[in-house]
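These notes are about the structure you will find just below.
What follows is calculated from the coordinates using simple rules that are stated; it is not laboratory data. As the structure is a prediction and not an experimental result, all values here were calculated from the model. Positions of Cβ are generated from backbone atoms using ideal geometry, with glycine treated the same way; all protein chains shown enter the neighbour counts.
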Amino acid sequence: MTRADVIQIAYLIAAFCFILGLRWLSSPRTARKGNLVAALGMLIAIIATLVDGRVVGYTWIAIAAFVGGSIGALVARRVQMTAMPQLVALLNGLGGGAAALIAISEYHVAGAAGEARLGAVIAVSVMFSTIVGSISFAGSLVAFGKLQELLPGRPITWPAQKALNGVGAIAVLGLAAYASLNIQDPLLWVAAGLALLLGVSAVLPIGGADMPVVIAFLNACTGLAAAATGFALNNSLLIIAGVLVGASGTLLTQLMSKAMNRSVASVLFGAFGGGGGSSSGVSATGETLPVLEISVADLAAQLVYARRVMIVPGYGLAVAQAQHPVRELADLLIERGVSVAFAIHPVAGRMPGHMNVLLAEADVPYDQLLEMEEANPDFPQTDIVLVIGANDVVNPAARDDENSPLYGMPILEVDNAENVIVFKRSMASGFAGVENMLFHDPKTRMLFGDARKSLTQLVQDVQAV
Amino acid sequence: MSLITELVILVLAAWVGIEVISKVPQMLHTPLMSGTNAIHGVVIVGAILVLGAAAGGTVETICGIVAVAFGAANVVGGFVVTDRMLQMFRRRPEPPKEGQG
């Protein structure tokens with residue numbers, strides 16, 4: 001067996017580890033083991049590559065890997081769980097950037113070797129990897145900036161945005177084609193630069209609540225860029241791993257946009273929502289709608305005597321950092337014999353599964369977390385629903401009002417429960433800028449104020465009852 | 001490797017990926033994203049090949065160094081943070097067993 005054969009077998013084992021790791025992610029019981037197996041696969045792949053006969057110098061590899069790895073480890077250990085969406089965006093960007101740089105380097109090597117033009121397969125893969133990798137790098141950094149609140153979360157738009165993006169996309173493709181036929185280094189640098197601009201201008205107009213779709217989409221882009229790099233380098237492992245990630249990102253993108261009843265295209269090109277809190281609380285006939293409030297003390301008394309309580313968390317819970325007091329409240333109620341569960345909408349938060357991670361961090365056991373399909377049949381038997389920092393995902397207009405921009409989006413049907421309590425800072429409307437009739441429902445009571453403070457007070461009052 | 005072989009690998013990997021990933025529950029979608037994030041850090045393999053074989057060329061060396069550093073941060077950060085997340089997912093502690101009968 002030659003050294004090349006051994007390396008190929010090591011790659012095969014690595015690919016097997018990746019697939020097994022993803023397979024084990026299908027249950028929280030085996031998921032941690034799955035992640036470790038995937039990491040083991042990565043280690044095998046890296047060692048196999050290091051003994052590849054083509055690799056001659058190790059100094060720079062060691063330095064770069066040490067610096068990058070240490071920073072990655074440090075950030076991953078330190079980061080707050082509430083900052084998870086931005087970290088995922090950042091890591092995704094790094095992968096995309098690495099893929100683009102590899103492709104650019106391959107292009108340069110071909111030029112230095114005196115080739116005038118690239119072969120068809122190499123051309124397509126190098127150009128795909130450069131363009132998609134650059135878009136993913138820049139787009140992910142903008143998403144990171146928005147989530148970290150370095151940039152405004154609302155959609156940023158400018159005149160003729162779509163037309164300019166279209167012209168930019170055509171220019172990048174044209175330049176890439178020309179650069180493949182006439183190898184000159186600066187051509188690809190310009191193409192990569194344009195692709196970076198395109199990534200920035202594609203993500204800037206996308207609002208905060210659409211971030212789950214964008215992050216999943218960029219994840220798919222980086223995966224496919226890595227796969228393209230595999231074609232350029234003739235490396236089967238890069239193709240397999242890249243395509244696995246591409247498949248995962250694509251599936252999540254579809255799931256998320258389906259949970260918002262919008263097409264992927266309308267999210268990525270729509271600049272939807274964020275019209276500011278222009279809620280008026282005025283009905284179609286012009287009269288002001290009633291809003292009923294409840295005090296923390298009254299709510300505490302009601303909760304203690306309830307049989308079943310359902311908690312609906314939204315992004316507001318993450319913003320208020322209220323995951324710990326909400327878990328305390330749930331524990332207290334369970335101690336008193338109340339049945340408590342959390343109902344989680346697929347797009348609650350800023351990335352797929354965001355609420356689950358947040359609640360897991362606060363030690364909420366995962367068997368208390370219900371998906372939308374499990375929770376909806378439960379609401380008619382529920383005494384009290386606590387809606388904490390969620391808005392559009394519980395808006396009955398999505399089910400009842402054909403004229404609503406939300407119409408058709410699957411929602412948590414909290415209005416089927418006996419009582420609904422909405423924790424909210426003010427009467428401002430949700431991300432979509434749509435009035436929520438749930439707040440004016442006769443069975444709804446509003447609890448205004450910071451969710452964390454309200455919940456902490458509520459915990460004390462429940463203890464006192 | 002021929003183009004046909006590579007395309008066969010691509011199609012089969014996509015199929016396996018879709019089959020496996022569609023079984024991941026919504027609850028684990030964030031760890032799925034950060035885990036697949038770590039897996040696409042496999043570009044570090046490509047970056048090592050580029051940098052290790054760089055025959056002193058400035059462009060390859062600089063691109064390679066940055067790519068290896070990015071890839072390493074991507075791989076290590078991705079797996080570490082996924083592990084941190086997954087260790088938080090736990091079931092309700094089993095109630096202490098009462099004497100039978």
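Points worth noting:
- Lys/Arg +1, Asp/Glu -1 at C-beta; the protein assembly as shown dipole; positive extreme among A:Thr382, A:Pro410, B:Gln26: B:Gln26
- Nonlocal amide H pairs with A:Ala343, under 5 Å, H built at 1.01 Å: A:Ile311, A:Val312, A:Leu370
- Cut-off under 5 Å, modelled amide H: who pairs with A:Tyr58 long-range: none
- Listed values for the range B:35-41 are Karplus-derived 3J(HN,Hα) couplings in whole Hz (6.51 cos²θ - 1.76 cosθ + 1.60, θ = phi - 60°), namely x, 5, 4, 5, 5, 6, x, and x replaces Gly and Pro.
- Loop-exposed chymotrypsin sites (Phe, Trp or Tyr not before Pro) per DSSP, neighbour cap 16 Cβ within 10 angstrom, longest uninterrupted part of chain A: A:59-304
- In this simple spin-label model, placing a label point 7 Å from the Cα along the Cα-to-Cβ direction at both A:Ala160 and A:Asp363 gives a separation of 6.0 nm.
- Annotation: amide H-H contacts under 5 Å for A:Ile206 (H modelled 1.01 Å from N, sequence separation of 5 or more, or interchain): A:Ile156.
- Computed over the range A:39-167, Cα set: Rg, Dmax in Å: 18.6, 54
- Peptide A:5-17 - average C-beta neighbours from other chains (10 Å radius): 1
- Within chain A, the selection of entire DSSP H helices by a Cα span of 15 Å or greater along the long axis and an average Kyte-Doolittle value of at least -1.0 returns A:3-24, A:31-50, A:59-78, A:84-112, A:120-147, A:161-181, A:185-203, A:211-233, A:236-259, A:323-335, A:451-464.
- The GluC sites (Glu not before Pro) of the range A:74-155 that DSSP puts in a loop, and whose beta carbon has at most 14 other beta carbons within 10 Å, are A:Glu115, A:Glu149.
- Counts of other chain beta carbons within 10 angstrom of each beta carbon in peptide A:41-54 average 4.
- Count of lysine pairs in the protein assembly as shown with Cα separation under 20 Å (8 or more residues apart, or interchain): 4
- Model label sites at A:Ile9 and A:Val67, defined 7 Å from Cα along the beta-carbon direction, differ in position by 3.7 nm.
- For the pair A:Trp189 and A:Ile47, label points projected 7 Å from Cα toward Cβ lie 4.0 nm apart.
- Contact order, relative form, for chain A: 14 percent (alpha carbon pairs under 8 Å, 6 or more residues apart, mean separation divided by residue count).
- Each other residue within a Cβ distance under 13 Å of A:Ala110 adds +1 if Lys or Arg and -1 if Asp or Glu, for a net charge of -3.
- Under 15 Å, Cβ to Cβ, from A:Leu147 - net charge with Lys/Arg +1 and Asp/Glu -1: +1
- By the helix-only formula, in which each DSSP H run with n ≥ 4 contributes -39500 (n - 2.57) and the sum is divided by residues, chain A has a 222 nm mean residue ellipticity of -19000 deg cm²/dmol.
- Inter-chain Cβ neighbour average for residues A:348-358, partner chain, 10 Å: 5
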